Amino acid sequence: MARFAFAVLVTFAVILVAQASDPELTTDFFVPEGVNKTTLTADYFTSTVLRGGVTVVAPAKIAVKRITSALDSLPSLTGLGVSSALIKYLPGGINPHHTHPRGTEILYLLEGTLTVGLVDTTNKFFTKVLEAGDVFVFPKGLVHYQINLGKKPASAYVAFSSSNPGTVSLPITLFGSGIPDDVHKAAFKVDGYVVDKLQLPFNM
Ligand SMILES: *[C@@H]1O[C@H](CO)[C@@H](O)[C@H](O)[C@H]1NC(C)=O
């Protein structure tokens, strides 16, 4: 009996966790404030921003086009628990160490090869060189990256289990946010010169 009660408890806990990203809608879909629902057309459920793909503008080696529930993107996604992005990586292009606090990410590699890495909460590191057609999942909240170590461009379509998964990019969060140098010196056991070097790309 105790075991049954425990199972029920765990099930409820899992349901709560599963719903933690996007609260459930009590209507068919979200309608922005001030919009008359009867005037909506199929355009409300359409995004055309990926037409023509995504273009990398030098000196960057990576470009991302996101489709989220943001009002200037695809607000009909609000509360539906999904969003997506198209990413292009030139050779050497990196999507640096980051996490998505509100969503799991699933990546489908359209072209090229792509090296992916992730670290779990036990500090175990996982990495893989993906080939076109491969699918890889980055569990919610875990630190991960993608880098094109190949000689040709790579493109990926990614989807998230949240209409607004959020991104915490570690380089800018750590070294471009104003965290005092003394904190970095103590945390990483390095001198101010190293800290300045790490902050430089964000102080220009
Ligand atoms: C919404 O639009 C419909 C059709 O144009 C109109 O009949 C209705 O009065 C509008 N409702 C509001 C609240 O403006």
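If you check residue 160 against the conditions, is it among the aromatic types (Phe, Trp, Tyr) and either without any contact (Cβ under 8 Å) to a residue 12 or more places away in the chain or open to solvent by less than 30 Å² (accessible area, probe 1.4 Å) (or both)? Quick ask: steps written out before the conclusion?
Numbers: among the aromatic types (Phe, Trp, Tyr): yes; either without any contact (Cβ under 8 Å) to a residue 12 or more places away in the chain or open to solvent by less than 30 Å² (accessible area, probe 1.4 Å) (or both): yes.
Criteria met by residue 160.
Of the residues in the stretch 51-97, how many are touching a helix residue (DSSP H, G or I) at 6+ places or on another chain (Cβ under 6 Å) and within 24 Å of residue 174 (Cα to Cα)?
Total satisfying the criteria: 2.
Here is a list of conditions, (1) modelled with pLDDT under 95; (2) closer than 27 Å to residue 129 by Cβ; (3) not hydrophobic (A, V, I, L, M, F, W, C), and residue 34 meets all of them except one; can you say which number that is?
(2)
Which of the residues that make up the stretch 26-35 are away from the ligand (no atom under 16 Å from the Cβ) and either open to solvent by 90 Å² or more (accessible area, probe 1.4 Å) or touching a strand residue (DSSP E or B) at 6+ places or on another chain (Cβ under 7 Å) (or both)? Before you say what the answer is, go through the steps one by one.
Kept after step one, since they are away from the ligand (no atom under 16 Å from the Cβ), are these residues of the stretch 26-35: 26, 28-30.
Matches in the stretch 26-35: 26, 28.
Checking residue 38 against (1) under 23 Å from residue 103 (Cα atoms); (2) open to solvent by 100 Å² or more (accessible area, probe 1.4 Å); (3) within 14 Å of the ligand (Cβ to nearest atom), only one condition comes out false. Which one?
Evaluating residue 38 over (1) under 23 Å from residue 103 (Cα atoms); (2) open to solvent by 100 Å² or more (accessible area, probe 1.4 Å); (3) within 14 Å of the ligand (Cβ to nearest atom) leaves (1) as the failure.
I need the full set of residues from the stretch 118-131 which are under 22 Å from residue 54 (Cβ atoms) and either surrounded by 15 or more Cβ atoms within 10 Å (Cβ to Cβ) or at pLDDT below 95 (or both), in order please.
Within the stretch 118-131, just 130 meets the criteria.
Quick one: residue 18 ticks every box in (1) away from the ligand (no atom under 16 Å from the Cβ); (2) at pLDDT 95 or above except a single one, so which number is it?
Of everything listed in (1) away from the ligand (no atom under 16 Å from the Cβ); (2) at pLDDT 95 or above, residue 18 misses just condition (2).
The values are calculated or read from the model by the stated rules, or taken from the named source; none is laboratory data. This one's a predicted model, so the numbers in the text were calculated from it and none came from an experiment. In this analysis, Cβ positions are derived from the backbone assuming ideal geometry, glycine residues included, and neighbour counts consider all displayed protein chains. Remember, those area values only see protein heavy atoms, side chains included, never the ligands or the DNA or RNA. Shrake-Rupley method; radii C 1.70, N 1.55, O 1.52, S 1.80 Å.
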